[in-house]
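Peer 1: Please find one structure pasted underneath; my questions will follow.
Read-outs throughout are calculated quantities, based only on the coordinates presented, and are distinct from any laboratory measurement. Keep in mind the model is a prediction, meaning the values are calculated, not measured. Positions of Cβ are backbone-derived with ideal geometry, glycine not excepted, and every protein chain shown enters the neighbour counts.
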Amino acid sequence: MQPDASLAQADVPTTPANTDAHDLDSVYRNLVHGVGHEHVTDDNVEELIRRAEADNHPVLAAELREWRSPCGDDSATPKRAS
């Protein structure tokens with residue numbers, strides 16, 4: 001019996017093996033493509049946020065601010081009124 005094609009595993013994006021974790025451009029390029037989050041560090045997160053904001057990637061900037069925050073809730077982000 002052949003497996004149902006609709007149940008085949010989808011291709012999941014992964015961080016390229018040749019990523020240079022010490023090269024901000026390499027890390028940022030991967031983040032824009034939805035991978036490479038494991039290379040975000042305390043040392044590079046602020047610059048990555050600035051780049052995401054400058055390049056008009058508000059969702060990426062927000063994700064990085066959440067990563068930076070110890071609780072996942074960035075106090076520097078304005079809160080919406082309820």
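Peer 1: Under 5 Å between amide H atoms, partner at least 5 residues away or on a different chain: which partners does Gly36 have, H built in plane at 1.01 Å?
Peer 2: Thr15
Peer 1: Let me ask another. Would you mind classifying the range 22-68 by shape? Square roots of the alpha carbon gyration tensor eigenvalues, ordered a ≥ b ≥ c; an a/c under 1.5 is rounded, otherwise it is prolate if a/b is larger than b/c and oblate if not.
Peer 2: rounded
Peer 1: Using a basic spin-label model with each label point 7 Å from the Cα along Cα→Cβ, how many nm lie between Thr41 and His22?
Peer 2: So the label points at Thr41 and His22 sit 0.9 nm apart.
Peer 1: Can you list the HN-Hα couplings for the range 59-69, worked out from phi with the Karplus curve (6.51, -1.76, 1.60; θ = phi - 60°), rounded to whole Hz and with x for Gly and Pro?
Peer 2: Residue by residue, the range 59-69 yields 5, 4, 4, 5, 4, 5, 5, 5, 4, 5, 6 Hz.
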